[in-house]
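Participant: Dropping a structure here in structure tokens format, bear with me for questions.
The values are calculated or read from the model by the stated rules, or taken from the named source; none is laboratory data. Just so you know, these numbers come straight off a predicted model, no measurement behind them. Every residue, glycine among them, receives a Cβ derived from its backbone with ideal geometry; neighbour counts consider all protein chains shown.
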Amino acid sequence: MPNEPKALCVSIHDVAPATWPHCLRLLRAVREVADIPVTLLVVPCYHGAAGLDAGYEAALAALMADGHELALHGYRHLDSGPPASGVGQRWLRGVYTRNEGEFSALSAAQSRLLLALGLEWFGRRGWPVDGFVPPAWLLGEGAWLALRKAPFSYTTTWTHFHLLSPWRRIWSPSLVYTARNRGGRRWSPRLAATQAACMGAAGLVRLSLHPADAAHPELLRHAQHLLAALLASRAPMTKSAFARLSRSV
């Protein structure tokens with residue numbers, strides 16, 4: 001739509017005590033470019049680890065107080081759905097996502113339970129949560145059914161930003177790096193730069209950073225250059241802020 005804000009949303013995925021040192025490195029890299037609000041995608045029970053970490057939680061609370069957003073990013077970040085049928089699904093769920101597409105094949109009831117557990121985790125800390133981003137951006141039919149009755153205002157898939165109430169879909173493929181192999185580290189920065197150039201007129205550009213990116217200085221440097229270029233023409237905001245603005249136009 002013509003009056004939509006020309007926005008940039010930067011998110012850090014897989015935020016948990018186990019990944020926190022890498023997440024901090026990503027935050028520092030962003031701040032070296034500009035002190036902008038980011039959306040932190042929090043996993044309450046990452047890979048089954050549900051222990052309390054007072055320092056980690058204090059850090060998240062401080063970031064939220066500084067204007068950053070905390071969003072729910074699954075509950076365990078592990079795919080516990082029924083075995084995939086078909087070569088494509090087996091590759092997507094088992095190889096590409098390394099069995100972390102938690103909401104890719106769950107029933108509506110299973111999805112509702114995990115969403116409720118995640119909301120309860122936020123609620124015990126008195127933290128508001130406006131958005132839900134599924135691990136690996138995968139949402140099966142059951143998860144979509146559960147989301148329609150959940151109290152979130154938005155969700156995202158790899159290709160779209162989805163307003164949930166009222167429902168509206170905004171095209172915005174996420175810029176993302178592939179850090180786990182040499183080929184991905186070589187080609188994903190080029191793809192991200194090309195994709196960003198092709199989205200100059202888009203209302204929203206999303207830059208998604210993952211803990212694994214922090215281990216590779218060349219990816220961090222590329223992300224910083226890309227971020228600086230995007231900030232020259234876009235207003236940085238959290239995903240929650242973008243959802244609110246999109247409803248007002």
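Participant: Any idea how many residues of the range 153-186 are charged (D, E, K, R) and closer than 26 Å to ALA212 by Cβ?
Facilitator: Total meeting the criteria: 4.
Participant: Continuing with this model, one more query. Would you be able to tell me the number of residues in the range 146-176 that are assigned to a helix (DSSP H, G or I) and polar (S, T, N, Q)?
Facilitator: 0
Participant: Shifting gears a bit: Which members of the range 162-183 meet the condition of being without any contact (Cβ under 8 Å) to a residue 40 or more places away in the chain and closer than 12 Å to GLU218 by Cβ?
Facilitator: The answer is ARG182, and nothing else.
Participant: Would you say LEU139 is over 30 Å from HIS225 (Cα atoms), in contact (Cβ under 8 Å) with a residue 40 or more places away in the chain and not hydroxyl-bearing (Ser, Thr, Tyr)?
Facilitator: no
Participant: Tell me yes or no: at least one residue of the range 34-46 is part of a helix (DSSP H, G or I) and within 19 Å of LEU138 (Cβ to Cβ).
Facilitator: Within the range 34-46, one or more residues are part of a helix (DSSP H, G or I) and within 19 Å of LEU138 (Cβ to Cβ).
Participant: In the list LEU230, LEU245, which residue meets the criterion of being more than 21 Å from HIS162 (Cα to Cα) and in a helix (DSSP H, G or I)?
Facilitator: Only one candidate qualifies: LEU230.
Participant: Looking only at residues in the range 186-201 that are of a type outside the set (S, T, N, Q), out of contact with any strand residue (DSSP E or B) (no Cβ under 8 Å at 6 or more places or on another chain) and within 13 Å of HIS222 (Cα to Cα), which one is surrounded by the most Cβ atoms within 10 Å (Cβ to Cβ)?
Facilitator: PRO189
Participant: In addition: Here is a list: GLY55, GLY48. Which entry is on the phi > 0 side of the Ramachandran plot and loosely packed, with under 13 Cβ neighbours inside 10 Å?
Facilitator: Of GLY55, GLY48, the one residue that is on the phi > 0 side of the Ramachandran plot and loosely packed, with under 13 Cβ neighbours inside 10 Å is GLY48.
Participant: Among (1) loosely packed, with under 13 Cβ neighbours inside 10 Å; (2) farther than 21 Å from VAL133 by Cα; (3) modelled with pLDDT of 95 or more, there is one condition ARG169 misses while meeting the rest; what is its number?
Facilitator: Only one criterion is unmet by ARG169, namely (2).
Participant: Being without any contact (Cβ under 8 Å) to a residue 24 or more places away in the chain and either closer than 26 Å to LEU26 by Cβ or in contact with a Pro (Cβ under 7 Å, 6 or more places away or on another chain) (or both) is the filter here, so list the residues in the range 143-161 that pass it.
Facilitator: THR157, TRP158, THR159, HIS160
Participant: Does ALA179 count as under 23 Å from PRO135 (Cβ atoms), in a loop (DSSP other than H, G, I, E, B), of a type in the set (Gly, Ala, Ser) and within 18 Å of the chain's Cα centre (by Cα)?
Facilitator: So ALA179 fits the description; yes.
Participant: Related question: Can you spot a residue in the range 139-156 that is in contact with a Phe, Trp or Tyr (Cβ under 9 Å, 6 or more places away or on another chain), of a type in the set (D, E, K, R) and under 25 Å from ALA241 (Cβ atoms)?
Facilitator: Yes, the range 139-156 contains a residue that is in contact with a Phe, Trp or Tyr (Cβ under 9 Å, 6 or more places away or on another chain), of a type in the set (D, E, K, R) and under 25 Å from ALA241 (Cβ atoms).
Participant: I've got another one for you. Can you name the number of the only condition in (1) over 20 Å from VAL129 (Cβ atoms); (2) of a type outside the set (D, E, K, R); (3) modelled with pLDDT of 95 or more that GLY81 fails?
Facilitator: (3)
Participant: Being within 20 Å of VAL42 (Cα to Cα) and either modelled with pLDDT under 95 or aliphatic (A, V, I, L, M) (or both) narrows it down to one of GLU120, GLU102, so name that one.
Facilitator: One residue alone meets the criteria, GLU102.
Participant: Looking at the range 99-127, which of its residues are part of a loop (DSSP other than H, G, I, E, B), out of contact with any Gly (no Cβ under 7 Å at 6 or more places or on another chain) and touching a residue at least 12 places away in the same chain (Cβ under 8 Å)?
Facilitator: Scanning the range 99-127 gives ASN99, GLU100, GLY101, ARG125, TRP127.
Participant: Can you list residue pairs whose Cβ atoms sit under 7 Å apart, with the first residue in the range 189-200 being among the charged types (D, E, K, R) and in a helix (DSSP H, G or I) and the second being surrounded by 11 or more Cβ atoms within 10 Å (Cβ to Cβ) and at pLDDT 95 or above? Count only pairs 6 or more apart in sequence or on different chains.
Facilitator: none
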